[in-house]
Amino acid sequence: MADGAAEKSVANQEEVNMKKSVILGAVTIASLSAGAAVAGTLDDVKARGKLNCGVTTGLVGFAAPDANGEWEGFDVAVCRAVATAVLGDPTAVEFVPTTGKTRFTALASGEIDMLARNTTWTFSRDVDLKFEFVGINYYDGQGFMVPKELGVTSAKDLDGATVCIQTGTTTELNLADFFRANNISYEPVPIETNAEAQPLYLDGACDVYTTDASGLAATRAAFENPADHVVLPEIISKEPLGPLVRHGDHEWGDVVRWSLNSMIAAEELGVTSVNVAELAGGTDNPEINRLLGTEGTLGEMLGLEADWAKNIIMNIGNYGEVFESNIGEATPIGLARGLNAQWTDGGLLYSPPFR
Amino acid sequence: MSDTPRNIGAFVRHDQIPESPPPASETGIVGWVRQNLFSNVFNSILTLLALYFIYNLMADFLPWFFGGVWRAESIRDCRDILDGARGGCFAVLSERWHQLIFGIAYPQEAYWRPLLAFVLLFVAAAPVLFSDLNRKLLGFTAIYPFLAFWLIWGGTILNPVFGFLGFVVAYIVFDRLSHISFAISAIGGVVGAIVTWFVGGMIAAAVPELLALEAVPSRDMGGFMLNMILGTVCVSLSVPIGILLALGRQSDMPIIKIICVVFIEFVRGVPLITLLFVANVVLAYFLPPGTNFDLILRVIIMITFFSAAYIAEVIRGGLAALPRGQYEAADSLGLDYPQAMRLIILPQALKISIPGIVNVAVGLFKDTTLVSIISMFDLVGVIRGPILASTEWNGVYWELWGFAALLFFVVCFGISQYSQWLERKLATDHR
């Protein structure tokens, strides 16, 4: 559920308010910009020489600045990929930290060009808030974590358990649905934030902690003895997270969409940051050639250089490399690919062909 | 009956007994302990309970503090070094201290600039806070805001210079025209300042490299520095605005009175966080697309409004506490309104208001952490966001929050001590 359940907690209220302010704002913006020709975001970014990319204020593995203030993480890589495609420079990004409450207005008002902030793709955000989700870079879902010593192997064994849960969120509703559907009972222990949950769960105030699976993994990774805790196999909700842009600027939406797709396709085609230079010399696989710009005019169609995708893979890496270096099994977070494997490996990642 | 004293063998002392020391049980540490800690059964029980409590606390705290790890790469590293022993993971402080103080994006080679501005803050504030100092130092106080702006934000020195000149021009015009009427001279002053700033802005834009420090955008301000900037600027702006509002609320002129009452009641009726959201989110919709109205400036305006309304009410309390005779005394001396306020009323009213003003100032300083909610990386924002979300330090809580609490405590305690000193110094009543 995208940055903890917190954001959805306010979603309803927020969206009601938002509707009002969007209407007001739209009127204002329309009246102010009437007559002025609206340049496309792509041209704006090229003219500015920098991409304004909205990220979270900090989520383990997905976006956080390091000791030198350099942003890194799985979502950050999407920003850098787009900057590389458009400007040829992965560092030409102005990262704008946003909270669950400020992110949509930042995007709608034009303060940021795109939002890569583990935001769940939902109907109302896509349709009602007038945004365009250009793809999915992480398939998440709500899961459960329990201490190993409980000996629980399935969420269905949790009858009568006390559950630490963030209040006022969809995780709460998902949880109620799940337990009712399985006809078992539970006792909720309301908590406010993930940071509050960590010590409570460790002190045994609750038997189970539930939130997004990626959040559970990150929380578990910070424990002194992570091996004493297990994440149960059940995932009880769908949380497709992806980058989004404003409605209406389709050229820009295409650039972001295909920047993401190029990383996914590169993994499927076996193009990595290591062998991309060599493959760019020309291969027998026409799709690789089209992707890397040695054949066809895909870059030109997007309004970019011919080697846009080659630059992405060379500087950022393909999807698998980004996954492994930020949240994969070699990192302390240690997420398995799961649903986020290529469709050829039984996952859901499926880039449309580069043709 | 006789007036000779009867000899009844009584002892009459003719010399004074030499002073002897009080009994050992009443002096020194023993006496103090007996009188203060064990004066009766109930107090003795309380003392023992308190000692037990303190012991438990210290038995936990001291090994944690002194056994702490100051050099490590990550929280896992810390745990390896501690190897089960009790101790804090203070390595997060030694690795990320610069982010806690200056924010994540302030250029590291320019740290001396805010630091210098911070040191100079004391020089600038001293003549305001301590009336015994040489009055000429006030000249530096007047320059300081512009100097500090140049140091912290960088850019050409022409910007702050023309900013300062604008005020000088406004004062000169006001002074020259003041014999005509107050309104005309005030308008003249404002026009003079705006013209100066406009011309200055064009000149500064023409030579952006003159005596320029590396420019740092507002977005890159952060850490405790941001709290200090917001706190200092907002407190120093909101005290004069609050005085004006308080006087306006007492005014006989209906329009001024209504404006002040509505402003104060509206701002006090709204939570600060709402105002911050307005500054951050709602304003963006009403400004033309592409407008870059500095976020820190927006936040400063909102916080200043907020605290000015509170300070106005505190000062109104001080004004109301003055006996009516003081107002009448000022009138009977033939003083006009500004003189009466400046010489008779405000000195007394402000003295009464000191504890209230300091209370608002301390509260305001801590309220600056609310900007973390609108995704600015102040001290709290840096901890909640970047540091706790980094793979290395996710899970370190006590050390970080303890450090933040310590920084805030030092500043707030300092402010409170100063105000108590000031109250003692200004105490002219005979109690």
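Taking region A:186-210 as the region of interest, how many residues are under 21 Å from the mean Cα position of the chain (by Cα), within 14 Å of another protein chain (Cβ to nearest Cβ) and surrounded by 21 or more Cβ atoms within 10 Å (Cβ to Cβ)?
Number of matching residues: 1.
What pairs come up if the first residue lies in region A:98-112 and is at the interface with another protein chain (Cβ under 7 Å from one of its Cβ atoms), the second is hydroxyl-bearing (Ser, Thr, Tyr) and part of a strand (DSSP E or B), and their beta carbons are under 8 Å apart, counting only those six or more places apart or on different chains?
Qualifying pairs under 8 Å: A:Thr98/A:Thr56; A:Thr99/A:Thr56.
To keep it simple, each residue is scored yes or no on (1) at pLDDT 90 or above; (2) out of contact with any Cys (no Cβ under 7 Å at 6 or more places or on another chain); (3) in a loop (DSSP other than H, G, I, E, B).
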residue: A:Ala85; (1), (2), (3): yes, yes, no
residue: A:Lys101; (1), (2), (3): no, yes, yes
residue: A:Asn118; (1), (2), (3): no, yes, no
residue: A:Tyr139; (1), (2), (3): yes, yes, no
residue: A:Gly168; (1), (2), (3): no, yes, yes
residue: A:Thr171; (1), (2), (3): no, yes, no
residue: A:Gln198; (1), (2), (3): no, yes, no
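Could you count how many residues in region B:174-224 are hydroxyl-bearing (Ser, Thr, Tyr) and without any contact (Cβ under 8 Å) to a residue 12 or more places away in the chain?
Qualifying residue count for the region: 2.
Does region B:287-299 include one or more residues that are touching a residue at least 12 places away in the same chain (Cβ under 8 Å) and either of a type outside the set (A, V, I, L, M) or not in a helix (DSSP H, G or I) (or both)?
Yes: region B:287-299 contains one or more residues that are touching a residue at least 12 places away in the same chain (Cβ under 8 Å) and either of a type outside the set (A, V, I, L, M) or not in a helix (DSSP H, G or I) (or both).
Could you tell me whether B:Ala279 is away from chain A (no Cβ under 14 Å), in contact (Cβ under 8 Å) with a residue 60 or more places away in the chain, part of a helix (DSSP H, G or I) and surrounded by 15 or more Cβ atoms within 10 Å (Cβ to Cβ)?
For B:Ala279, the condition - away from chain A (no Cβ under 14 Å), in contact (Cβ under 8 Å) with a residue 60 or more places away in the chain, part of a helix (DSSP H, G or I) and surrounded by 15 or more Cβ atoms within 10 Å (Cβ to Cβ) - is not met.
Taking B:Pro355 as meeting all but one of (1) out of contact with any Leu (no Cβ under 9 Å at 6 or more places or on another chain); (2) free of Cβ contacts under 8 Å to residues at least 40 places away in the same chain; (3) not basic (Lys, Arg), write down the number of the exception.
Single failed check for B:Pro355: (2).
Here are some conditions: (1) within 14 Å of chain A (Cβ to nearest Cβ); (2) under 26 Å from B:Gly242 (Cα atoms); (3) among the small types (Gly, Ala, Ser). B:Ser390 meets all but one. Which one does it not meet?
Single failed check for B:Ser390: (2).
Of the numbered conditions (1) at pLDDT 90 or above; (2) surrounded by fewer than 22 Cβ atoms within 10 Å (Cβ to Cβ), A:Ser33 fails exactly one; give the number of that condition.
Looking at each condition in turn, A:Ser33 falls short on (1).
May I ask you to list the residues in region A:116-140 that are surrounded by 22 or more Cβ atoms within 10 Å (Cβ to Cβ), in contact with a Phe, Trp or Tyr (Cβ under 8 Å, 6 or more places away or on another chain) and within 14 Å of another protein chain (Cβ to nearest Cβ)?
Result: A:Asn118, single match.
For region A:264-317, give me the residue count where each residue is in contact (Cβ under 8 Å) with a residue 40 or more places away in the chain, over 17 Å from A:Asp89 (Cα atoms) and charged (D, E, K, R).
Counting residues in region A:264-317 that are in contact (Cβ under 8 Å) with a residue 40 or more places away in the chain, over 17 Å from A:Asp89 (Cα atoms) and charged (D, E, K, R) gives 4.
It is to be established whether one or more residues within region A:42-50 are in contact with a strand residue (DSSP E or B) (Cβ under 7 Å, 6 or more places away or on another chain), at pLDDT 50 or above and among the hydrophobic types (A, V, I, L, M, F, W, C).
Within region A:42-50, one or more residues are in contact with a strand residue (DSSP E or B) (Cβ under 7 Å, 6 or more places away or on another chain), at pLDDT 50 or above and among the hydrophobic types (A, V, I, L, M, F, W, C).
I'd like the residue in region A:295-345 that is within 14 Å of chain B (Cβ to nearest Cβ) and among the aliphatic types (A, V, I, L, M) and, out of all such residues, is nearest to A:Ser259 (Cα to Cα).
Per the stated criteria, the residue is A:Ile327.
Which of the residues spanning region B:88-135 are charged (D, E, K, R) and within 20 Å of B:Phe149 (Cβ to Cβ)?
Passing the criteria: B:Glu109, B:Arg113.
With the structure loaded, tell me whether B:Ile383 is among the β-branched types (Val, Ile, Thr), surrounded by fewer than 18 Cβ atoms within 10 Å (Cβ to Cβ) and in a helix (DSSP H, G or I) or whether it fails that test.
no
Which residues, taken from region A:56-83, are over 13 Å from A:Phe323 (Cα atoms) and assigned to a helix (DSSP H, G or I)?
Within region A:56-83, A:Cys79, A:Arg80, A:Ala81, A:Val82, A:Ala83 meet the criteria.
Of the residues that sit in region B:124-158 and are in a helix (DSSP H, G or I) and among the β-branched types (Val, Ile, Thr), which one is farthest from B:Ser419 (Cα to Cα)?
B:Ile152
Being free of Cβ contacts under 8 Å to residues at least 60 places away in the same chain and aliphatic (A, V, I, L, M) is the filter; apply it to region B:361-381 and report the residue that is nearest to the other protein chains (Cβ to nearest Cβ).
B:Val380
Given the options B:Phe102, B:Phe198, name the one that is more than 14 Å from chain A (Cβ to nearest Cβ) and among the aromatic types (Phe, Trp, Tyr).
After applying the criteria, what remains is B:Phe198.
How about region A:200-223: which of its residues are out of contact with any strand residue (DSSP E or B) (no Cβ under 7 Å at 6 or more places or on another chain) and in a loop (DSSP other than H, G, I, E, B)?
A:Asp203, A:Gly204, A:Ala222
Checking the conditions here, which among A:Leu291, A:Leu269, A:Leu260 is buried (at least 16 other Cβ atoms within 10 Å of the Cβ), assigned by TED's automatic domain parsing to the domain that holds A:Leu115 and touching a Pro at 6+ places or on another chain (Cβ under 7 Å)?
Just a single option satisfies the conditions, and that option is A:Leu260.
The values are calculated or read from the model by the stated rules, or taken from the named source; none is laboratory data. None of the values given here were measured: they were computed from a predicted structure. Positions of Cβ are generated from backbone atoms using ideal geometry, with glycine treated the same way; all protein chains shown enter the neighbour counts.
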